[in-house]
Amino acid sequence: MTSIKKDQVLNCIKYSNENKLFDKLNNVYKMLPSGDCSGCGNCCMESVGTNLIEFINIFNYLESKPELKKKCLSKIIDYYFLEYIEKKPCPFKDDDNRCMIYEVRPLNCRLFGHWKKEDYNKNLNNVTERNIEYQGLIKSKYGFDISDKVVNFKIKYCESFIPEERYLNKSERLEFADNLMILDSNIYSKGIIDIEFKDRGVVEYFIENLLHEDTAYNIKIRVSKDEKVRNRAINRLKRILL
């Protein structure tokens, strides 16, 4: 049993096509200012926060590319279940630092580089503080330490990205996010998908489409605590799920 059922995702794709939600999503993306990116891939190091409409868009993109889908899902499984042990790059990043889903990459990826430096560094400090708090919570509840390299990892502010005109302030960035929330609300309001409304990263969306959320998390805790079962458990999951 999965938390995000495939038939409901397919219904969301059908609804989004019929009501031109993907076109509206792309129109939001097109409104983003352009800039000069070096393509170093240093920013592609996490499961970025993703809206429901974006997950559906990415899912739809991969459905027509079975080999790419299998490759991405394998890397998603590694990323999720080893997240507390080692810092892995975004599972959609290939060995040449290229995005394998570049055409449908989420808003947060597209916005990276457009932040003002002071806003970005303030947010980065907040993320690190929350990571440290979460490390303590996991230690007290489950008796193991999330890797310090994971907890303290930082995607540094990109000095090489050059926006076409200027950097965006917080309200401008949030306006783009609000537009996607409107698209999400359109889907939720129709009752065609039965999932909890909460923040998720792109990895979490796909994991919940493969397994029930609680089952996935329990396995994650087990393989994080016990190195002896880690590789065997993850390889078995891939044989079953892929």
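The values are calculated or read from the model by the stated rules, or taken from the named source; none is laboratory data. Since we're looking at a predicted model, the values are computed, not measured. As a convention, Cβ positions derive from the backbone with ideal geometry for all residues, glycine included, and neighbour counts pool all protein chains shown. Side chains included, ligands, DNA and RNA excluded: accessible areas come from the protein's heavy atoms. Shrake-Rupley method; radii C 1.70, N 1.55, O 1.52, S 1.80 Å.
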Problem - Contacts under 6 angstrom Cβ, first residue in segment 151-175 being outside any helix (DSSP H, G or I), partner small (G, A, S), 6 or more apart - result: C158/G113; S160/S38; F161/G35; F161/G113; I162/G35; P163/G35; E164/S34; E164/G35
Fill in the blank from the handout: So, first residue within 14 Å of V9 (Cβ to Cβ) in segment 181-201, second residue of a type in the set (F, W, Y), Cβ within less than 6 Å, six or more apart or across chains; the pairs are I192/Y15
Fill in the blank from the handout: Among the residues of segment 120-133, the number that are under 16 Å from G49 (Cβ atoms) and either of a type in the set (A, V, I, L, M) or touching a residue at least 12 places away in the same chain (Cβ under 8 Å) (or both) is 4
Exercise for the section: Restrict the check to segment 224-235 and report whether at least one residue is open to solvent by 30 Å² or more (accessible area, probe 1.4 Å) and more than 17 Å from I85 (Cβ to Cβ). Expected result: no
Practice task
Out of the residues in segment 28-44 that are part of a helix (DSSP H, G or I) and open to solvent by 80 Å² or more (accessible area, probe 1.4 Å), state the one that is farthest from V9 (Cα to Cα).
Solution key: M31
Completion exercise
Within segment 93-109, residues surrounded by 15 or more Cβ atoms within 10 Å (Cβ to Cβ) and assigned to a helix (DSSP H, G or I) come out as V104, L107, N108, C109
Fill in the blank from the handout: Within segment 136-150, the residues that are open to solvent by 30 Å² or more (accessible area, probe 1.4 Å) and assigned to a helix (DSSP H, G or I) are G136, L137, K139, S140, K141, Y142, D148, K149
